[in-house]
Amino acid sequence: MTRLTTCPDAEAVAARAAAVVQRHLERARAERGSAHIALSGGTTPGRTYELLAAGEADWRGIEVWFADERCVGPEDPESNYRLASETLLARAAIPPSQVHRMEGELGPEEGARRYAGELAERVERETAGGGLPALDLVVLGIGPDGHIASLFPGAPALEADERAVCLGVTDSPKRPPQRITLSLGMLRAARACILLATGPGKADAVSAMLGEPSGHVPASLLRRGRLTVILDDRAASGGTVS
Ligand code: 6PG
């Protein structure tokens, strides 16, 4: 079952999410000596990253990855790496050797190919995860259309080979159109996912993701037993959230 937490506002969502992320990372590091976290972009998670940077987190042994990236350079205002860098990586002084950015400037295909190789090299595979590299934690936002990372409703990427680790996207309905994304298989193979949603614009998507799994709502395809959803009251105001 999906774990669902509702908070009064966006600030409380960020505080809760930062605490949950920290707990997952500490547990993973205690169990395996290291931890791998993947971050998303968008407007929602930035405050969570800031709170993480300001908190007590000990980043030793923690490797930071990305769930998706727009095909732009790392300095571009649209870069997810730039967002993470300004809100978390630089503030917490996480050594660059522990940060693995998707190279958006290489374009969707080459960028995805390189990232898949890096993940395969550094992150342990798990038989239970279909033999894919198993990240300890993925932080996700959700689009009003139910997309997660750069996996959009009805997109061919959702039908990718189950061994696919990372995919290039050339026709994202959210700009920019060219992107790199972890595959659905990778998100499902992760030991945990945290999905954050705030504001009334997300209420229908949140309600739909908790319903029947469907390629029309990519977030509904996440592995529910490993998913924690943290919402504010307005994002929780859709039909099936109670
Ligand atoms: C991206 C994302 C994407 C995002 C959602 C929610 O790079 O665009 O990683 O999946 O998380 O679209 O975005 P907002 O938080 O801006 O609504």
Residue-averaged 222 nm ellipticity for the chain, from DSSP H runs of 4+ at -39500 (n - 2.57), nearest 500:
-8000 deg cm²/dmol
Mind checking the alpha-carbon convex hull of segment 114-224 and giving the volume per residue in Å³?
97 Å³
Semi-axes a, b, c in Å (a largest) for segment 3-232, each sqrt of 5 times a Cα gyration tensor eigenvalue, come to 22, 21, 18
On full extension of the chain, what length is gained from Arg113 through Glu159, given 0.36 nm per residue of separation minus the C-alpha to C-alpha distance?
14.8 nm
Heavy-atom surface of the chain, accessible at 1.4 Å and reported per residue (Å²):
43 Å²
Measure off, as a whole percent, the carbon and sulfur share of the 1.4 Å-probe accessible area of segment 117-167, all protein chains present.
47 percent
Of all DSSP beta bridges with both partners in segment 3-232, the antiparallel percent, nearest 5, is 30 percent
Before anything else, pin down the relative contact order of segment 3-232: Cα pairs under 8 Å, at least 6 apart, normalised by residue count, whole percent.
24 percent
With +1 at each Lys and Arg Cβ and -1 at each Asp and Glu Cβ, the charge dipole magnitude of segment 3-232 around its Cα centre, to the nearest 20 debye, comes out at 580 debye
Low-density loop positions, GluC sites (Glu not before Pro), segment 1-104 - DSSP coil, at most 11 other Cβ in 10 Å:
Glu56, Glu75
Two decimals is fine: what is log10 I(q)/I(0) at q = 0.15, 0.21 Å⁻¹ for segment 76-158, from a Debye sum with one equal scatterer on every Cα and no solvent?
-0.75, -1.41
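The values are calculated or read from the model by the stated rules, or taken from the named source; none is laboratory data. This one's a predicted model, so the numbers in the text were calculated from it and none came from an experiment. All Cβ positions, even for glycine, are placed from backbone atoms using ideal geometry, and neighbour counts span all protein chains on display. All accessible areas refer to the heavy atoms of the entire protein, side chains included, with ligands and DNA or RNA removed. Shrake-Rupley method; radii C 1.70, N 1.55, O 1.52, S 1.80 Å.
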